[in-house]
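Colleague: Just dropping this structure here.
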């Protein structure tokens, strides 16, 4: 399991820090082969990762802390914010896995 810290400033100006505990269920990092032209993915390589949220803890500026039951509602059901959150978590997981030496499988 991996822990990702995500900061968000709400419309009210309040800054919240989310500690997101995730489990990686699938990770593929396939190195590209410049000798093939079957597809862009085969030529350049690709990373494919699936992850699940185990727990989200939120801390506000006053030090109050609580468990978040639904991150989508916490992000206001805003598709753009949800997409940014998902991209942030995914990118951080890829970097953590690379640091562990899980570059190519």
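Colleague: Just wondering, is there one or more residues in the range 36-43 that are in contact with a strand residue (DSSP E or B) (Cβ under 9 Å, 6 or more places away or on another chain) and within 20 Å of residue 92 (Cβ to Cβ)?
Modeller: No, the range 36-43 contains no residue that is in contact with a strand residue (DSSP E or B) (Cβ under 9 Å, 6 or more places away or on another chain) and within 20 Å of residue 92 (Cβ to Cβ).
Colleague: Separate question: Within 21 Å of residue 97 (Cα to Cα) and in contact (Cβ under 8 Å) with a residue 24 or more places away in the chain - does that describe any residue in the range 8-17?
Modeller: No; the residues of the range 8-17 include none that is within 21 Å of residue 97 (Cα to Cα) and in contact (Cβ under 8 Å) with a residue 24 or more places away in the chain.
Colleague: Here is a list: 45, 32. Which entry is more than 20 Å from residue 87 (Cβ to Cβ) and over 13 Å from the mean Cα position of the chain (by Cα)?
Modeller: Answer to the check: 32.
No value in this document is a laboratory result; all are computed from the given coordinates. Everything numeric here is computed off the predicted structure, so don't read it as measured data. For neighbour counting, all protein chains shown are included, and Cβ atoms are generated from backbone atoms with ideal geometry for every residue, glycine included.
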